[in-house]
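Notes for the one structure printed next.
The values are calculated or read from the model by the stated rules, or taken from the named source; none is laboratory data. Remember, predicted model here, so these are calculated numbers, not experimental data. Cβ placement follows ideal geometry from the backbone for every residue including glycine, while neighbour counts extend to all protein chains displayed.
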Amino acid sequence: MSIFLTGATGLIGRHLVEVLLRDTDAPLFLLVRESTLPKLDAFIERWGSDARSRIHPVVGDLDAPSLGIDKAWVKEHQGKIDHFFHLAALYDLGASAADNARANVYGTRHAVDAAGDLQAGCFHHVSSIAIAGRYDGVFREDMFDEGQELPTAYHRTKFESERIVREENDVPWRVYRPSVVVGNSWTGQMDKIDGPYYLFPLMRGLRSVVPPFVPIVAPDVGDTNIVPVDYVAEALAHLSHLPDLDGRAFHLTHPAPQRVVDVWNAFASAAGAPQITVALDRRLTSIVPTELTDIAFRGNALKPLRKLATEPLGIPDDVIGELALVPVFDATDARRLLAAASIDPPEIEDYAGRLWEYWDQRMDPVRPHVGRKARAALRGKTVLVTGASSGIGKATALKVAAAGGIPLLVSRTRDKLEEVQKEIEEQGGTAHVFPCDLSDLEAIDQLVEDVTRDHEVDVLVNNAGRSIRRSVSLSYDRFHDYERTMHLNYFAPVRLTLGLLPHMVAQGGGNVVNVTTIGVTTLVPRFSAYIASKSALDAFSQVINSEMVSNKVVVTSIRMPLVRTPMITPTKAYDYFPAISPEDAADLIIEGVVGKHRTINTGVGSLSQVIHATAPRFADRVKHIGYRVFPDSLAAIGASGADDKMGSQGTIEQRVVAALLRGIHL
């Protein structure tokens, strides 16, 4: 058995290739342009050693008759291609009619001709639910041309490409119609802004000005249908190899329509943005004539006004009118055939967080991922990062590698560090793993010896730490809390710094970045152990800075605000406070390295210093309000989850105080 694919380097295509490599032993022939060969080679490296022997590039072009494949190659493989997958297409509602026609219509015709020349066993065409247009009712898998309205060039060309497969094809065919395809439900991986991703900048903007518990009222604009790309790939691979299904179409959709409101809420929950708590009944908006809604959302007369609202968010004008689907898609046959292999689409609530995290870290066009100054400061530099297996440390290591630096990854667990190392290497970077229990001072000495044997450390990021939130009244018999917090948060970074400083001095300079806390200036209640340890580290940073001037070593203290990491999860109160992401925190660390700052503080931290200096009693009274309103965590009082008095939403008082004291946290 042999398999031929177009569009193998696209999102669906590369996921399908991975499934075919896993589930078959067939050789895979992948159509690529000459210029795309390096991109395919990079994917082959990621797919593993088996891919190198089984994947065979075939140079051609979607724009050329019969895909421009060499005639000698066609003759050699005639009658030997069992499955011809056509995935190459243009998925863009905003693209011009000419571009849509070139990719979707002429490209499909050329693929059909190539499959005929090869005398392929079956032509598998990846179409789209877009062919149903605005069909008003249930659209079945055996339906195609029902006189439905096709509102955009994309809809029309997808319809025409499927017609070509059905009517101009000498090869047995099967058609697959995915709904709105989003990233991988396990990794979040996505390669373009599309579908619900257009709403993400709006959510990011809302969360910066509106607390997440504030209710939002919005119209119920209708339903959509979303599936992750890994489900589509698994379904394609399975259905394509079942017997006696030629001449049929299959809907690769979620079994039930998904309300746009519910989709918003799933992503808003992951983003920490406000959710829609009151959705106006869609019957209230259905009384508006269709002609008026078309003028408002699709007509040219109001296009300038729509662009004023949508352009700052990066939302194409053509997308606004297509957020909700008119048809309901029946997938009875596909669901029955896939159920036997336990292939089911997951619920969006189960993977929305992964999609948001991937977008937030790698696709957000506003986020300053790695700027020119960061590249100049870090290219070729060796950066040791503690706590690098997750959270702030992992995000920092990824940014260092993206800037051309070489991160040395330090934490207790080798397996987790190797996962980070693999992620960096997949993105073309280099990283080295050094497991170390930083609570063991002798282990730190060994770490210094191991690291300096092969590396010259240019930057040390002391990020690893421990947080304890417990009232003094609950700590009378817990002196060990203070000991262990001081041990990891102060003695460990000092020991590591003292070990590496002589090497930095000998090299002619370097950077030490100590991650402390905004609590050094806000001095909030219940953190006497944690803030004391971080304050000691902050003071250490400031003192040795003055000693290291002639040695060209700069020590930076990052007074970090609250960061949404697993470390804060036990403290239920933090569910209601705004927090920055690990990536935002990593940006502060990179800023410290680039600018060689002595201290990086937040606006709230600086204001707090002024208030404590000028009105200390007032500051104490304000913080005491928070102390009384937010209780100790369950872990601090030794209670179980059943004893949680805060509930899933928190009390009104807690939410009000959290809103008023935005930024007054650790």
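Overview of results
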item: Lone unmet requirement of (1) in contact (Cβ under 8 Å) with a residue 40 or more places away in the chain; (2) under 34 Å from the mean Cα position of the chain (by Cα) for Val112; result: (2)
item: Filtered residues of the stretch 562-590 (kept if more than 17 Å from Gly510 (Cβ to Cβ) and at pLDDT 80 or above); result: Pro582, Glu583, Asp584, Ala585, Ala586, Asp587, Leu588
item: Residues of the stretch 474-522 classified as assigned to a loop (DSSP other than H, G, I, E, B), surrounded by fewer than 19 Cβ atoms within 10 Å (Cβ to Cβ) and either β-branched (Val, Ile, Thr) or on the phi > 0 side of the Ramachandran plot (or both), total; result: 2
item: Check on Asp230, closer than 30 Å to His124 by Cβ and loosely packed, with under 15 Cβ neighbours inside 10 Å; result: no
item: Boolean, Asp281 is surrounded by fewer than 16 Cβ atoms within 10 Å (Cβ to Cβ) and either modelled with pLDDT of 95 or more or touching a Cys at 6+ places or on another chain (Cβ under 8 Å) (or both); result: no
item: Among (1) in a loop (DSSP other than H, G, I, E, B); (2) under 28 Å from Ile580 (Cβ atoms) - the single one Leu537 does not satisfy; result: (1)
item: Options Asp63, Asp23, Asp41, Asp50: the member that is closer than 18 Å to Asp82 by Cα and not hydroxyl-bearing (Ser, Thr, Tyr); result: Asp23
item: Residues that are of a type in the set (D, E, K, R), touching a residue at least 40 places away in the same chain (Cβ under 8 Å) and closer than 24 Å to Leu236 by Cα, drawn from the stretch 12-70; result: Glu18, Asp23, Arg46
item: Residues located in the stretch 80-105, provided they are in a helix (DSSP H, G or I) and either of a type in the set (S, T, N, Q) or crowded, with 18+ Cβ neighbours inside 10 Å (or both); result: Asn100, Ala101, Ala103, Asn104, Val105
item: Scope the stretch 383-408; condition surrounded by fewer than 24 Cβ atoms within 10 Å (Cβ to Cβ) and of a type in the set (A, V, I, L, M); matching residues; result: Ala402, Ile406
item: Exclusive hit being within 29 Å of the chain's Cα centre (by Cα) and among the charged types (D, E, K, R), set Arg134, Arg140, Arg177; result: Arg177
item: Test result for Tyr154, among the hydroxyl-bearing types (Ser, Thr, Tyr), not assigned by TED's automatic domain parsing to the domain that holds Val232 and not in a loop (DSSP other than H, G, I, E, B); result: no
item: Residue that is farthest from Val457 (Cα to Cα) [pool: residues in the stretch 523-558 that are charged (D, E, K, R) and surrounded by fewer than 24 Cβ atoms within 10 Å (Cβ to Cβ)]; result: Asp538
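Results for (1) part of a helix (DSSP H, G or I); (2) in the same structural domain as Ser127 (by TED's automatic domain parsing); (3) within 20 Å of Gly272 (Cβ to Cβ), shown as yes or no for each residue.
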residue: Gly188; (1), (2), (3): no, yes, yes
residue: Leu199; (1), (2), (3): yes, no, yes
residue: Met203; (1), (2), (3): yes, no, yes
residue: Leu206; (1), (2), (3): yes, no, yes
residue: Val217; (1), (2), (3): no, no, yes
residue: Asp246; (1), (2), (3): no, yes, no
